[in-house]
Amino acid sequence: MGKPDAEGHGPTDGLPGLPPEWGRVVVPDDASALAAEAAQIRRELRRADGLPRRRGLGLPLLVLLVAVLTTLTGLVAVTWPRASRSDRPTPAPYSPPATLAGRALPALDLVDAGQAPVPLRGLLPAMIILLDGCPCPDRVADALTAAPAGVSVVTVSGGRTAPAPPTNRPQVRALADPAGGLRSFLGQPARPGVATALLVDRAGTVTLVLPDLGPVDTYRDELTALGA
């Protein structure tokens, strides 16, 4: 090692060719004396190394934000028209086909209480009441009272067994429809608590369909016209 200079600093030999603007460079004998300077240099290096990284995060974050906003905008565009369409009224699920009135009643054979076949068209003109959704005795009694002479009132039950007729009047027939042909012709399922009826003239043409048999006043005129 070199000798200390006149002021007692470490040796200066072994460091030739240093720029004169650096001044006098003193190398201490104990390296720990440079710990404070080394720590400062490391802090500066970390600060210089981390700054570009933090700046580099800006672009990916911007791309992610644009992607999220685009997705949300697409979701709003898809769901908004659906919400407006939900305000539209929906058709009644049990409404009969609009073309059913005016159509010919099919040639169906139902069965009576003794399991004998009964051609339905042989009972025309008739008011036919389907009771597989509801016996509805009050509604049936009202129809029997309002039916004119010569017009049959036919009650039809689902299954294979026809119930006893509600009255002994000859124009009243109680039948069963094991094959479900009449219900299929109507194009609507049986509903609990609801009796369905249709009026058919003597030519076999359906004149009126009552999806939910209501008070007599709603069909009295059409029923009376069947007897004309």
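The values are calculated or read from the model by the stated rules, or taken from the named source; none is laboratory data. None of the values given here were measured: they were computed from a predicted structure. All Cβ positions, glycine included, derive from the backbone under ideal geometry; neighbour counts span all protein chains shown. When the accessible area is computed, the model is the full protein with side chains, heavy atoms only, and any ligands, DNA or RNA have been set aside. Shrake-Rupley method; radii C 1.70, N 1.55, O 1.52, S 1.80 Å.
So if I place +1 on the C-beta of Lys and Arg and -1 on the C-beta of Asp and Glu, and nothing else carries charge, what would the dipole magnitude of the stretch 98-165 be about its Cα centre? I want it in debye, nearest 20.
180
Are there trypsin sites (Lys or Arg not before Pro) in the stretch 134-228 that DSSP puts in a loop and that have at most 12 other Cβ atoms within 10 Å, and which ones?
R160
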Discussion item. At 1.4 Å probe size, what's the solvent-accessible area of L226? Round to the nearest 10 Å².
Written reply: 10
Worksheet, complete the sentence: The simple spin-label model distance between A225 and A116, using points 7 Å out along Cα→Cβ, in nm, is 3.5
Worksheet entry | Per residue solvent-accessible surface (Å²) - the stretch 103-170, probe of 1.4 Å | 49
Practice prompt. Please give the solvent-accessible surface of T196 in Å², to the nearest 10, using a probe radius of 1.4 Å with every protein chain present.
Written response: 10
Item to complete: Please report, as a whole percent, how much of the solvent-accessible surface of the stretch 152-223 comes from carbon and sulfur atoms (probe radius 1.4 Å).
Response: 51
Worksheet item: Which length gain, in nm to one decimal place, applies between A104 and R202 when the Cα-Cα distance is subtracted from 0.36 nm times their residue separation?
Response: 34.2 nm
Worksheet item: How far apart, in nm, are the 7 Å Cα→Cβ label points at D212 and A146?
Response: 1.6
